[in-house]
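Below is one structure, written out as C-alpha cells; comments come after it.
The values are calculated or read from the model by the stated rules, or taken from the named source; none is laboratory data. This structure is a prediction, so every number in the text was calculated from the model and none was measured. Heads up, the Cβs are rebuilt from the backbone with ideal geometry, glycines too, and the neighbour counts pull from every protein chain shown.
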Protein chains: 2
Amino acid sequence: MKEGPDIARIASLVGDPARANMLTALMDGGALTASELALEAGVSLPTASSHLAKLMDGKLLTVASQGRHRYYALSGTEVANMIEAISGVAAHSGPRRARPGPRDKSMREARVCYDHLAGDHAVKMFDRFIAEEIIVRDDEEIRLGPAGASFFTAIGIDTSTLSSSRRPMCRACLDWSVRRSHLAGSLGTAILDKILAEKWARRPAGSRVVEFTPPGRKAFEKLFLA
Amino acid sequence: MKEGPDIARIASLVGDPARANMLTALMDGGALTASELALEAGVSLPTASSHLAKLMDGKLLTVASQGRHRYYALSGTEVANMIEAISGVAAHSGPRRARPGPRDKSMREARVCYDHLAGDHAVKMFDRFIAEEIIVRDDEEIRLGPAGASFFTAIGIDTSTLSSSRRPMCRACLDWSVRRSHLAGSLGTAILDKILAEKWARRPAGSRVVEFTPPGRKAFEKLFLA
DNA sequence: AGAATGCTTCGACTACCATCGAACCATGGA
DNA sequence: TCCATGGTTCGATGGTAGTCGAAGCATTCT
C-alpha cells in the first residue's frame, strides 16, 4: 500500500468519455471555449462546465479568459504525452477496429499532435533529420546538429528566434500509430506552421487529420524527405 | 465526436484506486497471485478477482496458471510506459507532496521499472553508455555499440545469449522522476539481475525501491559510471 | 477419497458521479 | 439602463460500478 503519485486520481479524470473527448479535441494544441467543448463531447453545457472544473482541478487544463469567452487548453506537453501513451495501449487493446477506415488511414499518415506534426510523414522526416545530422540526439536531449541551422534558414525557418524562447526548440515525442519518435518543440511547431502556410495541406475542421494536397505532398517530400 | 482509440475505456481501468494499486504493484515486472494483489490493493479477494477480470479484458494484464496459482503480470512494456506517463502528470498535479519523504528520495535514486533499473542511477548509467559508445542510438532503435560486446562480457554478461531472444535487447524507457531515458530490454534486465546477484543492493519487500549498500554503490559506480 | 487452499461467480447493497433543467452571475453591446 | 450571450452553480434524478459475504469450482496434498 505504498503511495506513489496519485495515478488513479488523474487516470479517472481521463476515464470519463466526455472528458476524454474534450482532451482529445484539445490534442491539436488549440484552445476551445466551454461551449465548443460541450459540443465536442456531446454533453450539455452545465455538464461540460462541471467536467472542465474537474480537469482544471487536476491541472490537466489551463484557461485564458478573454472578454466573455474562456479558452481552455491542455496545460502542457506532459499531458499530451500521457494521452498519446494511453492511446497507444488503447489501440492495442481496443475492439480491434474491423477495417481501419479511411479517416483512420489519414490519421496514421499525418495528424497534429498538440502543436506539431505526427504520424508516418513526421516519423520519416525525423529519421531523415537524424541521418543528415540536421538534428542530433544525445541521450534524451535533442539538439540542432551541424547541418541544422543552414538547412532551416534555407527553407525560411529562423532557428535563432526559436531558441530564444524558454520552451525547448527540439523535443522527441512518441507516436501511437507508428511506434517511433517524431519532432516536437518549437521547431516542430514552426515546421507545421510552414506546411500550413504554404498550403501544402489543410486541416479539416474538428479533426486532428492533416490532409496533404497532391502537389503539397510532393513539395513536402522534396523538401523534408530529400 | 471523432473516434480515436477508446482512450476513456482503458483510462477508467487505471482510474480505480484498487486497480491502480495493483498495476503499480506490478510495475516491478514481477508476477503476483490474486491474493497478493488483493492485499496490495487493500480489498477483499472477490473484489480483487473482479478487478483482475476487468484488467484482463482490457488486455492490460496477462496471466499464467501454475497449478492452483494464477500469476498476473503486466501485459507488456507498453502498459508500463503508460503508467509512467500518468505518474508523470500526477506528480505535477498532485497535492504537492509536502516534503518528499525518505522513501520518495530512494525511489528517485534507484527503483525497479517493470524489469530493469530506473531512477537517477539508471539515467547516469545510460548517459555513460552512450558517451562511451557502449550502446548507440540511431533514431528510436537502440543497439549495442562498437565498445559494447567487450564491455559486457568483461563484466560477465553474455550479450550473445541475450540477443537470441525475440525480445529486443536494448530499449529506451522514460522516467517519471528524472525526465530522461534509461535502458530497458533484456540487457537492462541482465544488469539489474547482476546488481542483485552481487548483492550490491537489496529490494525491500513490497516496494519498487532498490536500496544500495554503501560498498554496493561504490562497486556499481566503479563498474558502470566509470 | 477427503480435506485444504486458491480463486472465481453470484447476489444484494451502497455510494458515487454523470447528467440535465432551471436559476443565477458576468461581460458586452445597444 | 436594459437586453443578449457565454458560463457557472444548484438540486434532483438515475445509472453504474465498486464492495463484500456466501457459495461454488478447481487443484493439490495427505
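Quick one: in the range B:20-59, of everything that is near DNA strand C (Cβ under 10 Å from one of its atoms) and of a type in the set (Ser, Thr, Tyr), which residue is farthest from the other protein chains (Cβ to nearest Cβ)? The qualifying residue farthest from the other protein chains (Cβ to nearest Cβ) is B:49. Checking the structure you have, find out if any residue of the range B:100-107 is hydrophobic (A, V, I, L, M, F, W, C) and either modelled with pLDDT of 80 or more or assigned by TED's automatic domain parsing to the domain that holds residue B:32 (or both). No, the range B:100-107 contains no residue that is hydrophobic (A, V, I, L, M, F, W, C) and either modelled with pLDDT of 80 or more or assigned by TED's automatic domain parsing to the domain that holds residue B:32 (or both). Scanning the range A:18-38 for residues that are part of a helix (DSSP H, G or I) and near DNA strand D (Cβ under 10 Å from one of its atoms) gives A:34, A:35, A:36, A:37, A:38.
When residue A:17 is tested against (1) within 10 Å of DNA strand C (Cβ to nearest atom); (2) within 18 Å of residue B:89 (Cβ to Cβ); (3) touching a helix residue (DSSP H, G or I) at 6+ places or on another chain (Cβ under 6 Å), only condition (2) is not met. You will find that of A:12, A:75, the residue that is touching a Leu at 6+ places or on another chain (Cβ under 7 Å) and either under 27 Å from residue B:81 (Cβ atoms) or away from DNA strand C (no atom under 13 Å from the Cβ) (or both) is A:75 and no other. Looking at the range A:60-75, which of its residues are outside any strand (DSSP E or B) and away from every other protein chain (no Cβ under 14 Å)? Listed by number, the residues that qualify are A:67, A:68. Hey, can you tell me all the residues within the range B:19-49 that are surrounded by fewer than 18 Cβ atoms within 10 Å (Cβ to Cβ) and within 20 Å of residue A:9 (Cα to Cα)? Residues satisfying the conditions are B:42, B:47.
Select from the range A:52-72 the residues that are in contact (Cβ under 8 Å) with a residue 24 or more places away in the chain and more than 9 Å from DNA strand D (Cβ to nearest atom) and list them in ascending order. Answer for the range A:52-72, where residues must be in contact (Cβ under 8 Å) with a residue 24 or more places away in the chain and more than 9 Å from DNA strand D (Cβ to nearest atom): A:54, A:55, A:58, A:60, A:61, A:64.
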